[in-house]
Each structure stands twice: as C-alpha cells, then as structure tokens.
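Chemist: This is the structure I have questions about; it appears just below.
The values are calculated or read from the model by the stated rules, or taken from the named source; none is laboratory data. Only a predicted model underlies this, so the values are computations on that prediction, with no experimental measurement involved. Here Cβ is always computed from backbone atoms with ideal geometry, including for glycine, and neighbour counts include all displayed protein chains. Surface accessibility is based on the protein's heavy atoms, side chains included, excluding ligands, DNA and RNA. Shrake-Rupley method; radii C 1.70, N 1.55, O 1.52, S 1.80 Å.
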Amino acid sequence: MPQDDEFYLWPENLDMFNFWMHVQTQWQVGSENQRVGLNYAGVEVCLRRRVKKPLRDEYFVMAQAMEQAALAAMHKK
C-alpha cells in the first residue's frame, strides 16, 4: 500500500516537475508569513537558464497553474 506522501510521476512530466522544484525558492511571502505567489522575475531567470526557448511559454503557463493549485492547497489548511 502506498504511503500518503508517495506519488507517481509520468515520465513525460519529469522535466516540468524538475523546473517546478527549481522555482520553489521564488515564493513571495506576505503578512502572517503566508506564501502569496511566485516572484515572476525569479521564475523568468529560471526559465532562461533551465528551459529551451521553444518551451518557455508553455512552462510559464504550467508554472502559473501549479502556483494557483499550490496556493489553494496551502491556504485551505
């Protein structure tokens, strides 16, 4: 039986997952020490340094979707 914190990652999502992990240092923190969103300037640097040019727009849009899902989950607690 899988543990609660285990998950399966499809191989085609590995590159985006790795990018997402790299931008985890880019969270902006608001009042009450809550994350309020990603620092897009920092995300842009990560995109330029880690993602091939033709994929950058797609990765940015996916990162925004993941950001919104992460914020919803964090603020739900």
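Chemist: Considering only DSSP states other than H, G, I, E and B, which chymotrypsin sites (Phe, Trp or Tyr not before Pro) in segment 1-73 qualify as loop sites with at most 13 other Cβ atoms within 10 Å? Don't jump to the answer; show the numbers that get you there.
Modeler: Working: sites: 7, 8, 17, 19, 20, 27, 40, 59, 60; in loops: 7, 8.
Here the sparse-neighbourhood loop sites are 7, 8.
Chemist: Now for a separate question. Could you tell me what percent of the accessible area of segment 1-72 is made up of carbon and sulfur, with a 1.4 Å probe and every protein chain present?
Modeler: C and S atoms contribute 52 percent here.
Chemist: Continuing with this model, one more query. Can you tell me, using C-alpha contacts under 8 Å and at least 6 residues apart, the relative contact order of the chain as a whole percent?
Modeler: Over the chain, the number comes to 23 percent.
Chemist: Rolling a 1.4 angstrom probe over the protein heavy atoms, how many square angstrom per residue are accessible across the chain?
Modeler: For the chain, the solvent-accessible area averages 81 Å² per residue.
Chemist: Once the dipole of the chain is set up with Lys and Arg at +1 and Asp and Glu at -1 on Cβ about the Cα centre, which of 42, 71, 17 lies farthest towards its positive end?
Modeler: The Cα lying farthest towards the positive end belongs to 42.
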